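To keep things clear, I will list the structure first and then write my remarks on it.
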Amino acid sequence: MGRFDTPHDEWPILMARAQAGDQQAYTRLLTVLVPVIRSMVRKQIDDAVLTEDVIQDVLLAVHRVRQTYDPACPFLPWLKAIAQARSIDALRRRGRQRHWEVAEEESLMQSGDLSCPQERRDTREELSLYLNQLSTRQRQIVEHVHLSEMSLAEAATESNLTVPAVKSLLHRALTNLRRFGAKHDRS
């Protein structure tokens, strides 16, 4: 059998060997999985560059969470869950990025050119004023998710929190920011 002909029923065995430290089994498994992951990701993402980025994210995620796989369970659903989560995260990041790009363009058209350093500084200062009114944890979550474009899972890991805790903090932070903005608009 060739290098790329590893049957699906051998994947749990290869992963179990990889979990035990067998580097050759791990390399063989990852090599076999790349085309499988590519196929999974392409079903959700039609951008070739983004697809390749997601494949790398999936491989990294598999590496990070490989000890969570139970060799007594089917391998493909475990892999599909990781690939789907990474695909969704990538699409969300791309959506947020496009949203910000469009918003920036509209803002530039409405308010003139922000290439002036003073105007950029004023905008950053205003953003800092709003963020500084939040609690430290709320500010960190907003910075992670909206300014650094981390996924909720990445922000949770970075902040040593659960995803539901991050969602809750983010919701409270955005509610507070809306309230601060409304107060500012009235004054």
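The values are calculated or read from the model by the stated rules, or taken from the named source; none is laboratory data. Model, not experiment: these values are computed from the prediction. As a convention, Cβ positions derive from the backbone with ideal geometry for all residues, glycine included, and neighbour counts pool all protein chains shown.
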Check: So Ala25 clears everything in (1) modelled with pLDDT under 90; (2) in contact with a helix residue (DSSP H, G or I) (Cβ under 6 Å, 6 or more places away or on another chain); (3) in a helix (DSSP H, G or I) except one condition, right? Which one?
Finding: (1)
Next item on the list: Scan region 48-85 residue by residue and report those that are charged (D, E, K, R) and either more than 12 Å from the chain's Cα centre (by Cα) or more than 20 Å from Ser151 (Cα to Cα) (or both).
Entry: Glu52, Arg64, Arg66, Asp70, Lys80
Check: Just checking, which of Leu134, Leu129 is surrounded by fewer than 16 Cβ atoms within 10 Å (Cβ to Cβ), aliphatic (A, V, I, L, M), in the same structural domain as Leu174 (by TED's automatic domain parsing) and at pLDDT 70 or above?
Finding: Leu129
Notebook entry, point to check: Taking region 47-101, which residues are modelled with pLDDT of 90 or more, in contact with an Asp or Glu (Cβ under 8 Å, 6 or more places away or on another chain) and either surrounded by fewer than 14 Cβ atoms within 10 Å (Cβ to Cβ) or outside any helix (DSSP H, G or I) (or both)?
Noted result: none
Item checked: Selection status of Thr31, in contact with a Lys or Arg (Cβ under 7 Å, 6 or more places away or on another chain) and surrounded by fewer than 18 Cβ atoms within 10 Å (Cβ to Cβ) -> yes
Next item on the list: Just name the residue that is nearest to Gly95 (Cα to Cα) out of those in region 32-46 that are part of a helix (DSSP H, G or I) and of a type in the set (D, E, K, R).
Entry: Arg42
